[in-house]
Amino acid sequence: MLADLLPPGAVAVERRDDNDPAPLFPVEEAAVAGAVAKRRLEFATTRLCARDALALLGVPAVPLPRGPNGGPVWPPGIVGSLTHCAGYRAAAVARVTDVAGLGIDAEPDEPLPAGVLDLVADPAERAALPTGGPHWDRLLFCAKEALYKAWSPLTGRWLGFEEARVAFAADGTFSARVLVDGAGERTRFEGRWKAAPGLLIASVTVNLTG
Ligand SMILES: CC(C)(COP(=O)(O)OP(=O)(O)OC[C@H]1O[C@@H](n2cnc3c(N)ncnc32)[C@H](O)[C@@H]1OP(=O)(O)O)[C@@H](O)C(=O)NCCC(=O)NCCS
């Protein structure tokens with residue numbers, strides 16, 4: 001279902017469990033050395049998704065370590081994003097000749113814990129959230145995390161939840177406006193979202209043309 005949220009040229013691989021053995025390269029092993037088994041499994045399965053997605057682009061299996069800001073280090077010429085939450089792991093990748101940046105995020109379709117929406121959204125964003133259907137507070141959080149995952153590799157900068165505004169349209173898209181400098185003239189980003197039973201996913205694409 002993630003593929004429906006991606007632009008032409010991007011590919012996705014999703015998994016619902018950690019049942020397939022997913023070997024790691026030594027540099028990846030080092031990233032999760034000492035982590036609890038659950039964290040190691042989700043990390044490994046998500047990298048398996050990433051390697052399978054890269055294979056769809058004809059890119060051989062390579063280590064995908066974590067970079068200084070926490071995001072994956074992709075092979076030259078590739079942009080991409082990873083996500084994992086309970087019962088879902090996914091990777092999306094594209095060639096830089098097709099897409100300038102990608103961010104994906106998955107969340108359980110459940111309300112945010114009490115008080116979190118106030119940290120994630122300003123009063124106008126909260127007031128504009130639609131009603132009915134998915135848990136829109138969680139979807140707003142999901143959309144902003146997808147935005148961050150597209151923004152961070154592009155700029156190398158942190159972005160706080162209060163530094164962007166997200167507005168949902170009725171057609172499964174959303175627009176995100178970043179309130180700080182960092183990506184040149186680029187302050188507006190487009191996203192798409194989808195709900196499956198118990199699950200919300202969001203993507204943000206940075207087009208080559210801005
Ligand atoms: C980094 C963050 C977005 C991850 O989201 P999450 O819902 O906790 O976790 P997910 O499973 O969806 O994503 C985790 C993956 O994100 C990726 N990631 C982490 N930091 C990243 C960064 N700076 N840039 C891009 N991707 C990043 C990693 O691949 C990570 O998986 P891995 O550690 O197994 O390799 C979140 O923890 C965070 O720090 N959010 C605060 C910043 C933010 O979202 N601001 C909103 C601005 S509007």
Environment charge of residue 54, counting only residues whose C-beta is closer than 13 Å and scoring Lys/Arg +1, Asp/Glu -1: +2
Length gained when the stretch residue 208-residue 29 is fully extended (0.36 nm per residue, less Cα-Cα span): 61.1 nm
Sparse-neighbourhood loop sites, GluC sites (Glu not before Pro) in the stretch 89-196 - DSSP loop, at most 16 other Cβ within 10 angstrom: 185
Solvent-accessible area of residue 73 with every protein chain in place, 1.4 Å probe, in Å² to the nearest 10: 70 Å²
Alpha-carbon Rg/Rh ratio, for the chain, with Rh computed the Kirkwood way: 0.95
FRET E, pair residue 86, residue 55, Förster distance 30 Å, beta-carbon r, rounded to 0.05: 0.70
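The values are calculated or read from the model by the stated rules, or taken from the named source; none is laboratory data. Since the model is a prediction, treat every value here as computed from it, not as a measurement. Heads up, the Cβs are rebuilt from the backbone with ideal geometry, glycines too, and the neighbour counts pull from every protein chain shown. For accessibility, only protein heavy atoms count, side chains too; no ligands or nucleic acids. Shrake-Rupley method; radii C 1.70, N 1.55, O 1.52, S 1.80 Å.
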